[in-house]
Amino acid sequence: MQFVYTLRSNGVTDPRVLSAMERVNRALFVRGLFAGRAYEDVPLPIGCGQTISQPSVVGQMTQALRVGPRDTVLEIGTGSGYQAAILSHLARRVITVDRHRRLVIEAQAVFDHLRLSNITAMTADGSRELPGHDMAERAAGATDDPDRPRRMFDRILVTAAAEDPPRLLLAQLRIGGIMVLPVGQSDAVQSLIRVTRSDAGYDYEELRPVRFVPLIEGLGQD
């Protein structure tokens, strides 16, 4: 009950988002010495120099994304897997990628434990365009075909900060789609923004100040 109260007091009021967050046990995504602090509204270390975001920020980002039950969502930055697990209760399908193979493996183990079958997790460079063929094929090592169509998404959530919304990701957002991401210099306060794609182009809305790890090109070493 205190968990929901904290979310509501921080502006997370969407009933579907609150219900999804109640259904996902954050303690499953926090390991070691920090497991006992899983329900504190603070970011916590998870390995590979990454963090699991504080629940109120996860809730705000999820709410801003306005996920529908028929949507396919792309998440850049799997991290612990907590955000993807919440999205899985809101969307038809979630594709989540991370540059750290270790984090993807650990997150997949939790997804399997929770029987979240609508999540596909893979190791990839999230700053680049993802291929048009089925992500399960790519995870199995299929060769990219440049003639395949670009894969488009209804919603895109980026959990690492870029100086500007990545052009290649914007190109994979459907007309009417929404992207939520932090933007700004990695050593300064960043802004969480919502980008909505229309026939006329992209509309940008600034939501709140945040602080995230930077979006880095290439794959990690672990």
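Among the residues of the stretch 30-47, are any over 23 Å from Arg208 (Cα atoms), of a type in the set (Val, Ile, Thr) and in contact with a strand residue (DSSP E or B) (Cβ under 8 Å, 6 or more places away or on another chain)? Yes, that holds for at least one residue. Considering every residue within the stretch 42-51, establish whether at least one is polar (S, T, N, Q) and crowded, with 16+ Cβ neighbours inside 10 Å. Within the stretch 42-51, one or more residues are polar (S, T, N, Q) and crowded, with 16+ Cβ neighbours inside 10 Å. Scanning the stretch 42-78 for residues that are of a type in the set (Ser, Thr, Tyr) and over 19 Å from Pro165 (Cα atoms) returns Thr51, Ser53, Ser56, Thr72. Listed here are the strands (runs of 3 or more DSSP E) enclosed by the stretch 1-111 that have at least 2 residues being at pLDDT below 95 and not acidic (Asp, Glu): 44-47, 50-52.
One residue alone among Thr13, Thr62 is closer than 23 Å to Arg155 by Cβ, in contact (Cβ under 8 Å) with a residue 24 or more places away in the chain and surrounded by fewer than 17 Cβ atoms within 10 Å (Cβ to Cβ), and that residue is Thr13.
Here is a yes/no grid of residues against (1) under 19 Å from Ala84 (Cα atoms); (2) modelled with pLDDT of 90 or more; (3) surrounded by fewer than 21 Cβ atoms within 10 Å (Cβ to Cβ); (4) of a type outside the set (Val, Ile, Thr):
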position	(1), (2), (3), (4)
Pro131	no, no, yes, yes
Glu163	no, no, yes, yes
Leu170	no, yes, yes, yes
Leu181	yes, yes, no, yes
Glu205	no, yes, yes, yes
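The values are calculated or read from the model by the stated rules, or taken from the named source; none is laboratory data. Because the structure is predicted, anything quoted here is derived from the model rather than measured. Quick reminder, even Gly has a Cβ in these numbers, built from the backbone with ideal geometry, and neighbours come from all protein chains shown.
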